[in-house]
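Data block below; observations after.
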């Protein structure tokens, strides 16, 4: 309220300001201004910022990496529009990948099991090198697993019916056996293993107690709840694919895989012109 009052008083003072009599010390340095509009502009009252609009969002939900590494998404699963899946990512039936999730499978497989939910802001990635005779660096997440918000998973394994608390970190080679819980903001060290049916917490994570039957039931119901919610979000964010292509083509954008020889030739011509123009500028 005080800030608004001062702004109003200052504006009123500007309206009454004359060049012969200036009582505001701050205005002495601005005596050369001739109009109220110029004074307001110098003081920043009517400063305008240019509007920023991006006509074409370059974000891609599914990114094909290399020749054959492309995401596989089951038809009744949900991937949020702003999530990013790169390379060989498998999303099984009823699974849900929520907003701002990034999954990178540029070299090895990342598998998201049945009715598993990966919540907002989580990052999952594999590693290119083999970690042992039975671990090739992939990420395997089982069925009905809940991974909370803002987690980081790297070349790890999570078996069925597990709960990973928000903000947790699973380092390279870590392993969570089925029916286990990792508390929020906990950290599993490389190759650390949580046995079946246990609750671990802390940094580094340590055993706390065994998982109760009530908690196991809650994990299953939580997975079902997220699966139902994902269907609602899928319906709410669905866009007709042909409408998107038509809008992009009207703006002159090239969408998807280019197969037309004429389009490719046109793109190459534009590229060559830009290169020659750039080279001439650099020579000058």
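Length available on full extension from residue 231 to residue 276: 0.36 nm per residue minus the Cα-Cα distance, which gives 11.1 nm.
Rounded, prolate or oblate for region 54-110? Axes are the square roots of the Cα gyration tensor eigenvalues, ordered a ≥ b ≥ c, and the cut-off for rounded is a/c under 1.5.
Details: a/c = 1.96, a/b = 1.11, b/c = 1.77.
The shape class here is oblate.
Here the calculated FRET efficiency for residue 72 and residue 207, from their Cβ-Cβ distance with R0 = 41 Å, stands at 0.65, rounded to the nearest 0.05.
Where both residues lie in region 62-231, what percent of DSSP beta bridges are antiparallel, nearest 5? Could the numbers behind the result be given before it?
Working: 6 of 48 bridges.
That works out to approximately 10 percent antiparallel.
Can you tell me the FRET efficiency between residue 82 and residue 136 if r is taken as the Cβ-Cβ distance and R0 is 22 Å, rounded to the nearest 0.05? After rounding to 0.05, the efficiency reads 0.15. Full extension of the segment from residue 191 to residue 214, taken as 0.36 nm per residue of separation minus the current Cα-Cα distance, would add 5.4 nm. For the peptides 181-187, 191-197, the ranking by packing is 181-187, 191-197, with the highest mean count of neighbouring Cβ atoms within 10 Å listed first.
Relative protection proxy for 206-216, 120-130, 159-169, from highest mean packing down: 159-169, 120-130, 206-216 (other beta-carbon atoms within 10 angstrom).
Taking all Cα pairs closer than 8 Å and separated by 6 or more residues, the relative contact order of region 98-211 comes to 17 percent.
Read the figures in this text as sums done on the coordinates, not as results from a lab. For clarity, every value in this text was computed on a predicted model and none was experimentally measured. So basically every Cβ, Gly included, is an ideal-geometry build from the backbone, and we count neighbours across all protein chains shown.
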